[in-house]
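See structure below.
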Amino acid sequence: MVEYPVRWGVGPGPRQADARTATAEVEVEQLRRGSFGRGIHGDVPKVYDLAGIPVKVLFAPDHTPELEIVKQMVKGEKVIFFAIFTFAGSSGIDDAMLALARGGMKIKGVFDPGQAKQNGPRPRG
């Protein structure tokens, strides 16, 4: 990929620069309105049956996947199994897991060990 100087509307040629500027202006306006990334994925996808397991494909922020995950966990009766790429411990998901575990729910999961070694931001508290 070719890197271009970061200057508003400057790029490899007038047409490409105009298209990039127009796209950037739309995205900046969406950020101002608080709607950036919203509405592009349409309605919540239907539920698919995979070997008797209901599956839904969700995109953030349109389909509020965190809320959907918590809703499904609360429906559990005995045990929750999960696999996750990264887990910051700063979401409603971890709060729900702790509350459910205190209530007797068994929670078993798999994490990506490489993510646990990251030196990025950690939750406060």
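The values are calculated or read from the model by the stated rules, or taken from the named source; none is laboratory data. Please read all numbers here as calculations on a predicted model, not as lab measurements. A quick note on method: Cβ atoms are made from the backbone with ideal geometry, for glycine too, and the neighbour counts reach across all protein chains shown.
Data overview
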quantity: Within region 101-122, considering residues that are modelled with pLDDT of 90 or more and either assigned to a strand (DSSP E or B) or touching a helix residue (DSSP H, G or I) at 6+ places or on another chain (Cβ under 6 Å) (or both), the one surrounded by the fewest Cβ atoms within 10 Å (Cβ to Cβ); calculated: Lys108
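A quick yes/no check of all residues on (1) modelled with pLDDT of 75 or more; (2) closer than 29 Å to Gly103 by Cα; (3) touching a strand residue (DSSP E or B) at 6+ places or on another chain (Cβ under 6 Å):
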position	(1), (2), (3)
Ser35	no, no, no
Gly39	no, no, no
Ala51	yes, no, no
Pro54	yes, yes, no
Val74	yes, yes, no
